[in-house]
Amino acid sequence: MTEIDGTGARRHSRTTGFVLRCAGIGLLAGLMSGLFGVGGGTVIVPMLVLLLAYDQRLASGTSLAAVVPAALVGVISYAANGQVAWIPALILAAGAVVGAQIGTWMLPRIPLTWLRWAFIVFLVGVMVNLFIVIPSRTATLDLTWIAALALILAGVATGVLSGLLGVGGGIIIVPVLMLFFGMSDLIAKGTSLLMVIPTSVSGTIGNLRRRNTDLFVAAVIGVAACITVPLGAWIARQVDPRVGNILFAAFIALIVAQLVVRLVRQRRTA
């Protein structure tokens, strides 16, 4: 059940069934987060909209807050096995924080339809390359000045796209690190999760100021996600890199389908 409070915002009753649905969303999001090195927002947002009747904006703000504890546990899970590139992650995060501010500034100023279709084409290209380029589990990144500059640019571009399109940075940065920087798939995922933390905290602070976050729901989802993140990371370590690429390509296909459906609905509404 939902009610409208005095501010016009939707307030959801905290029944046992409601809390259990939130926990279920968190368990699934945590598994995806650990398995693919993403924050989990691509799972949380549509499920909040479909299962709990949240509006898109509140779902996005709540998801961003829920991602923080899940990403933290994910980083610990990957770092325990030496699969986090700490300095590259911080460089990416610095660029992404700046890029997100640029993206949100650009949002009301540019037409997004063609940009969204271009992003879909980019993701399809990534899917194809995941079947061609199989990362080595022993690959590392030599952090030269050129590589550091490229990481900054990648972080800024990721932040801009996140701010413009409302997609999580992990879905962009994991394949970029594997395909363009030659990282192993596991290090790319651990590094991505570390990058997600400061960018999510930054976005959550802004959402809290705008009263655009349901902290209770974010806490339930975040705590539940922490339970399954280590399981997802463990599965990622057990599967062959080729199988991991296939699974990640399937996950990207799900994201592409969501974006296409959203664009088609917006076109019909217009």
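FYI, it's all coordinate maths here, none of it is from the lab. Note that the coordinates shown come from a computational prediction; the quantities given were computed from them, not determined experimentally. Positions of Cβ are backbone-derived with ideal geometry, glycine not excepted, and every protein chain shown enters the neighbour counts.
Stretching the chain fully between Val19 and Leu115 yields a gain of 30.9 nm (0.36 nm per residue, less the alpha carbon separation).
A protection proxy built from the mean count of other Cβ atoms within 10 Å ranks the segments 137-147, 66-76, most packed first, as 66-76, 137-147.
Quick one: Kirkwood hydrodynamic radius for the stretch 59-120, alpha-carbon pairs, angstrom, one decimal? Walk me through the numbers on the way to the answer.
On the way: mean 1/r = 0.0696 Å⁻¹.
About 14.4 Å, per the Kirkwood formula over Cα pairs.
State which helices in the chain qualify, where a helix is a whole DSSP H run, it must extend 27 Å or more along its own axis by its Cα atoms, and its mean Kyte-Doolittle hydropathy must be at least 1.0. Span-like helices in the chain: 16-36, 56-79, 86-106, 145-165, 215-238.
For the stretch 159-224, the relative contact order works out to 21 percent when only alpha carbon pairs closer than 8 Å and six or more residues apart are counted. Working from Cα pairs under 8 Å separated by at least six residues, relative contact order for the chain is 37 percent. Our helix-only sum for the chain, with -39,500 (n - 2.57) per DSSP H run of n ≥ 4 divided by its residues, gives a mean residue ellipticity at 222 nm of -26000 deg cm²/dmol. Between Trp86 and Val260, the modelled label-to-label distance comes to 4.3 nm, taking each label 7 Å out from Cα in the direction of the beta carbon.
For percent of Cα pairs over 24 Å apart, computed directly from the structure shown, the correct entry in [x] 60; [y] 46; [z] 42 is [y].
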